[in-house]
Amino acid sequence: MASALVEQDVHGEKIGTVVQNGRPSKGMPAFDHVDEQQLAALVAFIHDRKAKAKEGRRRTVDVADLQTGNAEAGMRYFNGAGGCAKCHSASGDLAGIAGKFQGLDLLKRMLYRERERTSESTPGGGSPAESTKAIQTATVTLPSGETVTGKLAYRDEFTIALTDPSGWYRSWPVTRVTFTVTNPLEAHIEQLGKYTDEDMHNVLAYLQTLR
């Protein structure tokens with residue numbers, strides 16, 4: 001409801017485009033079978049929910065709200081029980097992270113690490129390149145025995161889809177193929193079930209020292 005796209009939408013011109021074309025790169029399929037009347041009703045519903053959300057929206061989280069942790073304890077957890085140091089380094093990928101993210105943004109990045117883009121330009125001065133560290137990949141084995149590997153594009157209980165090395169979007173019914181998905185961020189997902197509130201704020205306090 002609070003997205004920039006919904007905020008900028010007036011008569012469904014932005015929401016409608018997303019609904020009808022989907023966002024395959026983010027796992028959302030196209031719903032091109034939705035007719036104009038259904039789309040108008042959906043747009044009206046979203047705008048109504050947006051208006052009501054504004055009425056009851058709570059205040060934002062202030063940086064001071066999160067200052068309950070112990071940085072030394074957080075460092076011990078990071079290097080020990082938490083296992084964070086197996087993939088991350090205070091002098092490597094996390095160097096200066098507290099200067100880039102503060103407060104809730106830093107906490108969210110710590111807990112819900114998502115696919116990111118590097119800040120460095122590609123060789124030749126091109127646009128920033130996508131980090132390969134956080135990209136989920138899928139390997140699909142077809143009935144013929146052929147295997148196709150690429151970046152995971154979409155997955156639900158009915159469909160598995162990937163973008164192959166040539167850039168083609170390919171999808172199959174899950175009942176007709178076998179597949180495996182590799183998620184480099186699986187450790188972050190598992191960690192969510194292990195953190196205590198104290199651990200979480202301690203690690204955050206430690207990350208805030210990495211400037």
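The values are calculated or read from the model by the stated rules, or taken from the named source; none is laboratory data. Source: prediction; values computed, not measured. Cβ coordinates were reconstructed from backbone atoms using ideal geometry, including for glycine residues, and neighbour counts include every protein chain displayed. When the accessible area is computed, the model is the full protein with side chains, heavy atoms only, and any ligands, DNA or RNA have been set aside. Shrake-Rupley method; radii C 1.70, N 1.55, O 1.52, S 1.80 Å.
Tabulated data for the structure shown
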read-out	value
Inter-residue pairs, beta-carbon under 7 Å, first over 14 Å from Ser25 (Cα atoms) and among the polar types (S, T, N, Q) and in region 155-173, second open to solvent by 40 Å² or more (accessible area, probe 1.4 Å) and not in a loop (DSSP other than H, G, I, E, B), 6+ apart	Thr159/Ser171; Thr159/Pro173
Among (1) closer than 26 Å to Ala161 by Cβ; (2) modelled with pLDDT under 90; (3) touching a helix residue (DSSP H, G or I) at 6+ places or on another chain (Cβ under 6 Å); (4) surrounded by 12 or more Cβ atoms within 10 Å (Cβ to Cβ), the one test that Asp32 misses	(4)
Test result for Gly69, open to solvent by less than 60 Å² (accessible area, probe 1.4 Å), closer than 30 Å to Glu198 by Cα and not aliphatic (A, V, I, L, M)	yes
Test: residue in region 3-25 that is within 30 Å of Ser171 (Cβ to Cβ), among the charged types (D, E, K, R), outside any helix (DSSP H, G or I) and modelled with pLDDT of 90 or more	no
Scope region 157-190; condition more than 30 Å from Gly82 (Cα to Cα), part of a loop (DSSP other than H, G, I, E, B) and not hydrophobic (A, V, I, L, M, F, W, C); matching residues	Glu157, Asp164, Pro165, Ser166, Gly167, Thr175, Arg176
Of residues in region 151-170 being under 18 Å from the mean Cα position of the chain (by Cα) and of a type outside the set (S, T, N, Q), the one surrounded by the fewest Cβ atoms within 10 Å (Cβ to Cβ)	Asp156
Residue in region 35-47 that is assigned to a helix (DSSP H, G or I) and among the aromatic types (Phe, Trp, Tyr) present	yes
Residue match in region 177-189 (condition: within 22 Å of Ala90 (Cα to Cα) and free of Cβ contacts under 8 Å to residues at least 40 places away in the same chain)	yes
Residue in region 187-202 that is open to solvent by less than 90 Å² (accessible area, probe 1.4 Å), modelled with pLDDT of 90 or more and among the acidic types (Asp, Glu) present	yes
Number of the condition not met by Gln136 [criteria: (1) at pLDDT 95 or above; (2) open to solvent by less than 80 Å² (accessible area, probe 1.4 Å)]	(1)
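The rows are residues; the columns are (1) under 23 Å from Asp105 (Cα atoms); (2) open to solvent by 70 Å² or more (accessible area, probe 1.4 Å); (3) in contact with a Phe, Trp or Tyr (Cβ under 6 Å, 6 or more places away or on another chain).
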| residue | (1), (2), (3) |
| --- | --- |
| Val6 | yes, no, no |
| Glu13 | no, yes, no |
| Lys26 | yes, yes, no |
| Glu36 | no, yes, no |
